[in-house]
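The values are calculated or read from the model by the stated rules, or taken from the named source; none is laboratory data. Owing to the predicted nature of the structure, the values given are computational and were not obtained by experimental measurement. Glycine also receives a Cβ, built like all others from the backbone with ideal geometry; neighbour counts cover every protein chain displayed. Surface areas here come from the heavy atoms of the whole protein model, side chains and all, with no ligands, DNA or RNA. Shrake-Rupley method; radii C 1.70, N 1.55, O 1.52, S 1.80 Å.
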Amino acid sequence: MANSTHNLAGKVGRRTLEFMSELGRFTKLVGRVISEIGGIFQDRGLFIQECVTLGVDSLPLVLIVGLFTGAVSGWQGHYQMEGYLPFEFIGPGTFKAVLLELGPVLTALIIAGRVSASIAAELGTMKVTEQIDALETMAISSVRYLAVPRVAAMTVMMPVLTAQAIFVAMLGASFVCIVLLGMTSNQFWGLIPNFFKLYDVFAGLFKSLFFGLAASLLGCYIGFRTEGGAEGVGMATITAFVWSCLAILVIDFLLALMLF
Amino acid sequence: MLTRLGEQITPETLFKMIEVRGVHRSFNGKHVLRGVDMTIETGESITIIGQSGCGKSVLLKHLVGLMVPESGTITVDGRDITSARRKELYEIRMKFGVLFQGAALFDSMTVEENISLGLRQHTALGDAEIANRVRECLTLVNMDGTQKLKPAELSGGMRKRVGLARAIAMQPSYILYDEPTTGLDPITADSINDLIIHLNQKLSVTTVVVTHDMVSAYKVSDRIVMLHEGRIIFSGTPDETKNAKTDIVRRFVNGEADAQSYVITSY
C-alpha cells in the first residue's frame, strides 16, 4: 500500500516536472516569436502566403460551419421558445449566442483541427528530415522564417474568419426561421437592433484573436518538438489538434470571466 | 607585412581553424561524447569515422552550433560558439555549408529556390545575379538545368548534389558532409567523392566528412580520425589508417566484427 502510494506520488511528480518543463519551453518559443516579430517586414511575402494558406483557404469550411451553426441555433431557439416567449426573441437570442460564443469558438475549433494540425505536421516533417537544421545552418532563424509568419497570419485571419462565420450564421438562422418555420422577416430581425451592443462585437472578435494566436503557437511548438520519423509526425498532428482544442476552451472560459 | 602563403595575417586568419576541447554530451542518460578533443586545420580535408550510433553526426552538429555541449568548448576561427549569442552564432554559421545525410532540401521549394534562399536572406543581390550564382553552383555539381525541378522529382544522388550546391552558394570557408555517400550506389557514391575533392580544391575550403564508408574516407581525406566510445582514439593519414595497429581501428577499417559481440547462446 505504502509502496503503491509512493509510486503514484513519484508518477505525479514526474508528470508535473515534465509539464512544467514543456511550459517553460513553450514560453521560450513565445518569447522568441515576440522578439523576432519584426522579421515579418523582411518576410512580407511569407506572411501573405500564410494568410492565404491558413486563412483564405479555410474560408469555405468556416462558412459551411457558420451556416449550419446558425441554422441549428434558429431551429433550436424556435423549439425552446415555443409557448414560453414571443418568437421575436429568436433573432436577438441567436445573434447573441452566435456573436459571443458559437461563432468564435466553433470557428476556432474547426481552424484548430485544420490549421494547428497542419502546421504541426508540416514543421514536424521539416524537423525529422533535418530541413529545420538546414535552415539554421544557413543562418536563418527557424522561428522567424517558419513560426512568425504562421502565428501572425493566423492571429490576423482568425477574427476575419470569425466575422464571416457570424454573418453567414445569421443568414442561416434567418433562412430557417423565415423559410422553414414561417416567421416574418420583421419578426426575426426586428428586435436585433435593440439588443445590439458594439462591445459584444468587439468581445467576440477579441476572443477569436486569442484563439488564433493559441492554435498557431501550439502548432508551431509541437511541430518544432517533433521527433521520431513518420510516427512522430502523426503523433505531433494529433497532439496539436487536441491541445489547441483544449487551449481554446480554457481561454474561452478565462476571457469570459474577464470580458463579461 | 607578415604573410603566410601570400595571405595577410590578421587575428581572424591566425585562428582560422576549428578547435574542439573536452566536449561532453549525453542524451537520455546515454553519455555519447565523453571529452572529444580535435583540431581541424584550415584547408584540410578531415574525415570522422566510427561505428553507427557512436556520435559522429552529433559531433558534426556541435561544430556548427546546432547542438550545445554540456561541457567543453568549440572555437571557430578563434570564436567560442558554445557561449556565443544567437546573432554571433548566425554570423559564424555563415562560414559553414552543410550537406545533410538526406540532403534536407526544402520540399516546398524548387531547386533554384533552395539554393537561392541564403542569398536572398543575407545579400542584396538582384534576381539576375542570384540566378547566375545558382547556375554557377549547379554547374559545379553537374546539375545545371534542374533549376525548376522540385526535390521530389530528383533521385537520391541528384538530391545530394543539389544539397551540395546549396551548401556552397554562400561561399563558405567550411563544408561539412554528414554521410555523403550513404544510401547511394557505388558509382554515384564515387561521383560524390570526386565532387568533394573537386570542391575542396576549387573553392579552397576546409572539409569535414562524417562517414563509415571507408572507400569514401580513403579517397577524400587528408586525415582520418576515429570516434569510439565518445572519444577520438585515432588520427592519421589514409595510409596510416590502413596500417593502423590499434585493434579497434584495424577491425573497423577492415570491416571485421568483434567475435566477443557475436557469442550465440546455446539452447
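Identification of helices (runs of 4 or more DSSP H) wholly contained in region B:181-246 with 3 or more residues that are within 21 Å of B:M170 (Cα to Cα) and open to solvent by 10 Å² or more (accessible area, probe 1.4 Å) yields B:186-203.
Taking the options A:G182, A:G91, A:G103, name whichever one is assigned to a helix (DSSP H, G or I) and farther than 24 Å from A:I251 by Cβ.
So the residue among A:G182, A:G91, A:G103 that is assigned to a helix (DSSP H, G or I) and farther than 24 Å from A:I251 by Cβ is A:G91.
Among the residues here, B:G102 does not qualify as within 17 Å of the chain's Cα centre (by Cα), within 12 Å of chain A (Cβ to nearest Cβ), assigned to a strand (DSSP E or B) and in contact (Cβ under 8 Å) with a residue 12 or more places away in the chain.
When residues in region B:30-39 are screened for being of a type in the set (V, I, T) and crowded, with 21+ Cβ neighbours inside 10 Å, 1 of them pass.
So, in region A:205-220, how many residues would count as being open to solvent by less than 20 Å² (accessible area, probe 1.4 Å) and either touching a residue at least 40 places away in the same chain (Cβ under 8 Å) or over 19 Å from A:T155 (Cα atoms) (or both)? So that I can check it myself, show each step before the final result.
Of the residues in region A:205-220, the ones open to solvent by less than 20 Å² (accessible area, probe 1.4 Å) are A:207-208, A:211-212, A:214-217, A:219-220.
Next, only the ones that are either touching a residue at least 40 places away in the same chain (Cβ under 8 Å) or over 19 Å from A:T155 (Cα atoms) (or both) stay: A:207-208, A:211-212, A:215-217, A:219-220.
Number of matching residues: 9.
In the set (1) part of a helix (DSSP H, G or I); (2) out of contact with any Lys or Arg (no Cβ under 6 Å at 6 or more places or on another chain); (3) not small (G, A, S), A:V143 fails one condition alone, (2). Cβ-Cβ contacts under 7 Å between residues 6 or more apart (or on different chains), taken from a first residue in region B:88-99 that is facing chain A (nearest Cβ under 7 Å) and under 13 Å from B:R166 (Cα atoms) to a second residue that is assigned to a strand (DSSP E or B) and open to solvent by less than 30 Å² (accessible area, probe 1.4 Å), are listed as B:F96/B:Y174; B:F96/B:L176; B:V98/B:L176. Contact annotation: residue pairs with Cβ atoms under 8 Å, 6 or more positions apart or on different chains, pairing a residue in region B:60-73 that is more than 22 Å from B:T207 (Cβ to Cβ) with a partner that is part of a helix (DSSP H, G or I), are B:V68/B:H62; B:P69/B:H62. Report yes if A:I40 is of a type outside the set (D, E, K, R) and either at pLDDT below 90 or at positive phi (or both), otherwise no. Here the answer is yes, as A:I40 does meet what is asked. Taking the criterion of being crowded, with 17+ Cβ neighbours inside 10 Å and either more than 14 Å from every other protein chain (Cβ to nearest Cβ) or not in a helix (DSSP H, G or I) (or both), the residues of region B:112-132 that qualify are B:E112, B:I130.
Residue-by-condition table, conditions (1) open to solvent by less than 40 Å² (accessible area, probe 1.4 Å); (2) away from every other protein chain (no Cβ under 14 Å); (3) in contact (Cβ under 8 Å) with a residue 60 or more places away in the chain:
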| residue | (1), (2), (3) |
| --- | --- |
| A:G31 | yes, no, no |
| A:I37 | no, yes, yes |
| A:I90 | yes, yes, yes |
| A:V98 | yes, yes, yes |
| A:A117 | yes, yes, yes |
| A:Q131 | yes, no, no |
| A:L135 | yes, no, no |
